[in-house]
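Read through the structure below, which is laid out as structure tokens, and then see the notes.
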Amino acid sequence: MKKKLLAGILSLAMVASLTACGSKNDATSSKTSTSAKSSTASVASTKSYASNMSASASQTAGSDFDKLVEAAKGTEVSFYGWGGDDKLNAWLDDYYAKRLKEKYDITLKRVPMDIDKILSQLSGELQAGKKDGDIDMIWINGENFKTTKENNMLFGPFAETLPNFEAYINKDDKETYNDFAFPIEGYEAPYGKAQLVFFNDSKVTEETPKNTDELLEFAKKYKGKVTYAALPDFTASAFVRNVIYDIVGYEQFADMKADKETVKAAIEPALEYLRKLNPYLWQEGKTFPSDNPAVTKMFADGELVMGMSYSAFGVATNIENGTFTDTTRTFQFDKGTIGNTNYIAIAANSANSAGAQVAINEMMDPEVQADRYKTLRTIPVVHYDKLNDEQKKAFDSVDIGKGVISQAELLSKRLPEMPAGLVPIIEEIWNEEVVGK
């Protein structure tokens, strides 16, 4: 998901205009089917929030789910999110939308749009005082969630009051309550999990670099046939953070101040490494592909000998559809790779918050998550230990395909995300200190 906010979203005028909208919490708001449509939270505060949620649930938007279901019946709910994955789009249209219609008589209106445009539209609606907005559900995470939550652009809290959240989501998983180390506090619910992986073709390259030193030697050997996308591409940005972790570790960033000079000093050894890598990259690091799909295409076309993805099992899908050869394989660094959860939030001025909550609850249904796992090879958000035997069978029966790392191995090497406030700073520094250097 692309993730840069447009300039001006954080203007004082907008912040002032959003104050009244941010507290909107009307569980019965709906639209008819003919409508158009600060830093890291401490462990202690997170636990306190989680323990207090059950006591305050009766005061939140989803406290009476049956009433939400009734209010949502016969309505349309919009789902705004990145539309660049054709297979995901088909799944949403052919499986998820049909399920919502058959089970709840909810019509899903999927609106493909980059996140910067989504948030620009939402900002414009809120500044204009539009109470019944066009945007209901938003696919979001990271600094975009932090920005929208801090500026009262989201409806909530609602997540912990949804029955499937309570029944199937792991309360001990830090990503349940923190998005890029920023407290969620019920303003978004988990949608899917992602983890950075690398891939190459064993018939073309025998090596699978296990750390940044080996990656540099790999790039030297296959000069001009290794690269990554220009930041702020989501996958490329994660790759750069993974390089940082491999060289300087990740612990120091957990409570680091979002100050450019502080961050730059901490990551300087990694910046020096990336500059050393440049001469051996495609175009000698003077320019970079526009986005990670372009990198993947270059790999599939034989122009590159290595690629990367946030879709941990994506190689299997690409082997099956003929995009990759059947000798393509996935690998990780020995110290691990960054993983995160992506979420669904609700716009503060949603005209159908009831329908949005019902739809989000359904996304966390084990049957839905199992179908996503089978069809899209997405790491599930439901906790396996919370499933009954029949539900477990649905996941156990899935053949994740060729060329991938097992889910158990992936999760054993899953590294935490940086605090959301540090990510755009690192991207800015990369553009200044790495490109063409």
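Structure notes:
- Gyration tensor verdict on the range 353-420 (Cα atoms; rounded if a/c is under 1.5, prolate if a/b is larger than b/c, oblate otherwise): oblate
- At an R0 of 22 angstrom, the distance between the Cβ atoms of residue 248 and residue 276 translates into a FRET efficiency of 0.90.
- Long pairs among 174/264; 174/225; 87/223; 220/260; 221/297, criterion Cα-Cα beyond 29 Å: 174/225; 87/223; 220/260
- Here the mean projected area of the convex hull built on the C-alpha positions of the range 156-210 is 5.8 nm².
- The range 303-362 and the range 147-200: distance between their alpha carbon centers, rounded to Å: 15
- Potential lengthening of the chain between residue 258 and residue 132 amounts to 41.8 nm, from the contour at 0.36 nm per residue minus the alpha-carbon distance.
- Environment charge at residue 275 (Cβ cut-off 11 Å; Lys +1, Arg +1, Asp -1, Glu -1): -1
- Computed E for residue 402/residue 214 - FRET, C-beta separation, R0 22 angstrom, nearest 0.05: 0.40
- Inter-part distance where the range 114-128 and the range 226-278 are each reduced to a Cα centre, Å: 29
- Spin-label model distance (nm) - residue 412 vs residue 150, 7 Å beyond Cα toward Cβ: 3.8
- When each of the peptides 289-300, 394-405 is scored by the mean number of other C-beta atoms lying within 10 Å of its residues, the order from highest to lowest reads 289-300, 394-405.
- Anisotropy class of the range 329-382 from Cα gyration tensor, a/c 1.5 cut: oblate
- Take every pair of alpha-carbon atoms less than 8 Å apart whose residues are at least six positions apart; their mean separation over the length of the range 218-338 yields a relative contact order of 37 percent.
- Cα gyration tensor category, rounded, prolate or oblate, for the range 73-122 with a/c compared to 1.5: oblate
- Contact order relative to length of the range 296-436, as percent, for alpha carbon pairs under 8 angstrom and 6 or more apart: 34
- Computing Kirkwood radius over Cα pairs in Å for the structure here picks out one of [x] 21.8; [y] 29.5; [z] 22.4, namely [z].
- The protection proxy used here, the mean number of other Cβ atoms lying within 10 Å of each residue, ranks peptides 275-286, 372-383, 142-153 as follows, highest first: 142-153, 372-383, 275-286.
- Rounded to 5, the percent of DSSP beta bridges in the chain classed as antiparallel: 70
- Share of carbon and sulfur in the accessible heavy-atom surface of the chain [1.4 Å probe, %]: 50
- Net lengthening on full extension, residue 287/residue 206 (0.36 nm per residue, minus Cα-Cα): 26.4 nm
- You can think of it this way: the chain between residue 171 and residue 432 has 90.0 nm of extra reach, that is 0.36 nm per residue less the Cα-Cα gap.
- Working from label points 7 Å from Cα in the Cα-to-Cβ sense, the residue 66 to residue 326 distance is 5.4 nm.
- Only helices enter the 222 nm calculation for the chain: every DSSP H run of n ≥ 4 contributes -39,500 (n - 2.57), and dividing by all residues gives -12500 deg cm²/dmol, rounded to 500.
- Over the range 113-244, relative contact order from alpha-carbon pairs under 8 Å, at least 6 apart, %: 16
The values are calculated or read from the model by the stated rules, or taken from the named source; none is laboratory data. Keep in mind that this is a model prediction, so the values were computed, not measured. Please note: Cβ atoms are built from the backbone with ideal geometry, for glycine as well, and neighbour counts cover all protein chains shown. Heavy atoms of the whole protein, side chains included, go into the accessibility calculation; ligands, DNA and RNA do not. Shrake-Rupley method; radii C 1.70, N 1.55, O 1.52, S 1.80 Å.
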